[in-house]
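Novice: So that we are looking at the same thing, I have put the structure below in structure tokens.
The values are calculated or read from the model by the stated rules, or taken from the named source; none is laboratory data. Computed from a prediction, not measured in an experiment: that's the story for all the values here. Ideal geometry is used to build each Cβ from the backbone, glycine not excepted, and the neighbour counts take in all protein chains shown. For the accessible areas, the whole protein counts, side chains as well, though only heavy atoms, and no ligand, DNA or RNA atoms are used. Shrake-Rupley method; radii C 1.70, N 1.55, O 1.52, S 1.80 Å.
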Amino acid sequence: TLASTIPGEHIHISVDDCTAPFWTAAKERRLSAPRCGDCGRFRMPPTPFCPQCQSRAMDWVDLTGAATVYSYAVVRGLPQFPDLVLVAAVLDLPDAPGARIVSNVVDVAPEEVSIGMHVEVDFMPIADGWLLPAFRPAAGY
């Protein structure tokens, strides 16, 4: 069984002023991350203040969509979806040094996922017309 995500119609997101640019970019099939407008530190998830210098200045940078598996867990079955297999992962974003995103690795047998594995973003339809970033093994991996 290949890893997937919870069926999209069951995924609802909350958007606020701080996260709206991330979700708007995702809706346009772009992976974007906030960078401090003062010290240059990337941060994920988006926060109102830079954890390094506490600045409110923020620039949004489009990323290539490449990532590397930093850590992961295999989840087999949820109460609503007993046959579902998820690979929940913490992913390093090489285009945003120091930033990581939590997402799913999809379309891969869970036993093939490994620390350091190269993945690339794709976008899955979810509730309310939004798209959710999920990651697939990179071509040639």
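Novice: Enter the Cα centre distance for the pair the stretch 36-97 and the stretch 1-27, rounded to the nearest angstrom.
Specialist: Using only Cα atoms to place each centre, the spacing works out to 13 Å.
Novice: Once you have the Cα-Cα distance between residue 47 and residue 64, take 0.36 nm times their residue separation minus that, and quote the gain in nm to one decimal. Please list the in-between numbers first.
Specialist: Working: separation 17, 0.36 × 17 = 6.12 nm, distance 2.14 nm.
Here the answer is 4.0 nm.
Novice: Pick from 15, 69, 113 the residue whose mean-square fluctuation is largest in a GNM of the chain, springs joining Cα atoms under 10 Å.
Specialist: Result: 15 has the largest fluctuation of those listed.
Novice: Which residue, 114, 32, 14, has the most motion in a Gaussian network model of the chain that connects Cα atoms within less than 10 Å?
Specialist: Looking only at 114, 32, 14, the biggest GNM fluctuation is shown by 14.
Novice: Please state the charge dipole magnitude for the stretch 1-125, taken about the Cα centre, from unit charges on C-beta atoms (+1 on K and R, -1 on D and E), reported in debye and rounded to the nearest 20.
Specialist: Numbers: 9 positive and 15 negative charges, 75 e Å.
About 360 debye.
Novice: For the chain, what Kirkwood radius comes out of the mean inverse Cα-Cα distance, in Å? Show your work: numbers first, answer last.
Specialist: Details: mean 1/r = 0.0637 Å⁻¹.
Every distinct Cα pair counted, the radius reaches 15.7 Å.
Novice: While we're looking at this one, here's another question. Kindly report the accessible area of the chain per residue (heavy atoms of protein chains, probe 1.4 Å, no ligands, DNA or RNA), in Å². Present the calculation step by step, with values, prior to reporting the outcome.
Specialist: Values: 7460 Å² over 141 residues.
Value returned for the chain: 53 Å² of accessible area per residue.
Novice: Roughly how many percent of the accessible protein surface of the stretch 62-115 is carbon and sulfur, given a 1.4 Å probe and a whole-percent answer? Intermediate values should be presented prior to the final figure.
Specialist: On the way: 1480 of 2780 Å².
Heavy-atom surface of the stretch 62-115 belonging to carbon and sulfur, 1.4 Å probe: 53 percent.
Novice: Taking all protein chains in place and a 1.4 Å probe, what share, in percent, of the accessible surface of the stretch 1-46 do carbon and sulfur account for? Working shown, then result.
Specialist: Working: 1200 of 2490 Å².
Using a 1.4 Å probe with all protein chains present, the stretch 1-46 comes out at 48 percent carbon and sulfur.
Novice: Build a GNM of the chain with springs between Cα atoms under 10 Å: which of 63, 91, 78 gets the top mean-square fluctuation?
Specialist: Judging by the Gaussian network model, the answer is 78.
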